[in-house]
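The values are calculated or read from the model by the stated rules, or taken from the named source; none is laboratory data. Everything numeric in this text was worked out from a predicted model, so none of it was measured. We place every Cβ from the backbone using ideal geometry, glycine too, and count neighbours over all the protein chains shown. For accessibility, only protein heavy atoms count, side chains too; no ligands or nucleic acids. Shrake-Rupley method; radii C 1.70, N 1.55, O 1.52, S 1.80 Å.
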Amino acid sequence: MTDRYYDNTRVSEFKSCPRKYFYRHVMDWKSIGFASPLLFGSAWHAAMDTVWEVLAHSDNAQKLGTQDVANAGFSAFMDNWIEGGGPELDDINEDWNWRLGIRNPMNAMEMLYAYVDERRSLFQRDSFELIGIELPFAVPLDPEDDTLFYVGRFDKVFRVKEGVIIGEHKTTSLYAKQGGFRTTFLDSFSPNSQIDGYLHAARMLYGDEVKSCWIDAALVHANVHDAFKIIPVERQFAQLDSWLWEVRCWIDEIEGNWKALDGGSSEAPYMAAFPKNTGACQDFARNCPYIDLCKMWPNPAAKELPGGYENEHWSPFERLGLAAIGMEAPDDS
């Protein structure tokens, strides 16, 4: 194993289930299928990048109408949507409507109109300054190990009078009549390893000027298209130090399992590495995409790619564009 760029995706999947990590990040197997929540979330991020880029210019924030900004965002949404396998607007038939549910382009369009009106005041602040959009980062995790990095990409970095803010866009369908968002969703960001890691990285890169991470939440709903909420998340230094200790513990376990895998035998009756967490076989009432493989194979180490899956290597270096910030490509990227 040579890639020691650890992102939240890798660490979180190992924490959820080491055997799932094995299938996804050792074997590089990904299930074939259409996942509307992932596609909608990715396309919404693309729309947000365009909306923020347009409105960050003070003249635009003051002069451009809602329709102009929303249409620009929707164009970015559809480009990302189609690239990710979603249907063109004219191709959305009854079958597609059933598959997409509430996460469809027309709901996104309604949401964008409301979002522009809701957020315009942020960009009109005299103190507002957009520092960057989709900024990759890589920060060392151990001062005595110059090969180990925590990596990611900030959705937004901007400055207001309070200081430097890390912005993260999130969508959810967890609706509540009172306030728009269920408490379980609002509480999911504290504690939250992704947000803690991003604040740790931001403090290392921008110093004490970093004040918090703002979760820019958007509700996806069949009828409610104007529910948005800024959820500020702050951490004390001791809390970030705790995150740092914990993530290094998890990485030690990941790399320990790699070593156990290298020392094992593909002919053994079972694989003594990357153990299954059977408490994670269902998530939100859905089966893990690898559940059938776990039922079949006690030792999957030397198995061939099964039907229903495709090879796709998850390289944080490539996905996050770490070359742009001067990082060196790992041997197996």
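Against the definition (at pLDDT 95 or above, open to solvent by 70 Å² or more (accessible area, probe 1.4 Å) and over 19 Å from the mean Cα position of the chain (by Cα)), how does Asp252 come out, yes or no?
Yes: the conditions hold for Asp252.
Inspection of segment 107-122 finds a residue satisfying the criterion of being touching a helix residue (DSSP H, G or I) at 6+ places or on another chain (Cβ under 8 Å), open to solvent by 20 Å² or more (accessible area, probe 1.4 Å) and not charged (D, E, K, R).
Per-residue answers, yes or no, for (1) basic (Lys, Arg); (2) at pLDDT 90 or above; (3) in a helix (DSSP H, G or I); (4) within 23 Å of Glu168 (Cα to Cα):
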residue: Asn223; (1), (2), (3), (4): no, yes, no, no
residue: Trp243; (1), (2), (3), (4): no, yes, yes, yes
residue: Trp258; (1), (2), (3), (4): no, yes, yes, no
residue: Ser265; (1), (2), (3), (4): no, no, no, no
residue: Gly279; (1), (2), (3), (4): no, yes, yes, no
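Name the residue, out of Val220, Val210, Val224, that is surrounded by fewer than 18 Cβ atoms within 10 Å (Cβ to Cβ), out of contact with any Pro (no Cβ under 7 Å at 6 or more places or on another chain) and among the aliphatic types (A, V, I, L, M). Can you show your working first?
Working: Val220 fails: surrounded by fewer than 18 Cβ atoms within 10 Å (Cβ to Cβ); Val210 fails: surrounded by fewer than 18 Cβ atoms within 10 Å (Cβ to Cβ).
Testing whether each residue is surrounded by fewer than 18 Cβ atoms within 10 Å (Cβ to Cβ), out of contact with any Pro (no Cβ under 7 Å at 6 or more places or on another chain) and among the aliphatic types (A, V, I, L, M) leaves just Val224.
Residues of segment 51-70 that are under 14 Å from Ala114 (Cβ atoms), surrounded by 14 or more Cβ atoms within 10 Å (Cβ to Cβ) and not aliphatic (A, V, I, L, M): Thr66 alone.
For segment 172-189, does any single residue satisfy the condition of being farther than 19 Å from Arg103 by Cβ, touching a Lys or Arg at 6+ places or on another chain (Cβ under 7 Å) and open to solvent by less than 50 Å² (accessible area, probe 1.4 Å)? No, the conditions are met nowhere in segment 172-189. Under the condition of being in contact with an Asp or Glu (Cβ under 6 Å, 6 or more places away or on another chain) and open to solvent by less than 10 Å² (accessible area, probe 1.4 Å), which residue from segment 156-171 is farthest from Ile131 (Cα to Cα)? Here the residue is His169. In the list Pro330, Pro316, which residue meets the criterion of being closer than 24 Å to Gly33 by Cβ and touching a residue at least 40 places away in the same chain (Cβ under 8 Å)? Of the residues listed, the single one that is closer than 24 Å to Gly33 by Cβ and touching a residue at least 40 places away in the same chain (Cβ under 8 Å) is Pro316. Among the residues of segment 123-139, those identified as over 14 Å from Ala56 (Cα atoms), in contact with a helix residue (DSSP H, G or I) (Cβ under 7 Å, 6 or more places away or on another chain) and not small (Gly, Ala, Ser) are Glu134, Pro136, Phe137, Val139. Count of segment 255-278 residues, restricted to those that are loosely packed, with under 11 Cβ neighbours inside 10 Å and of a type in the set (D, E, K, R), is 2.
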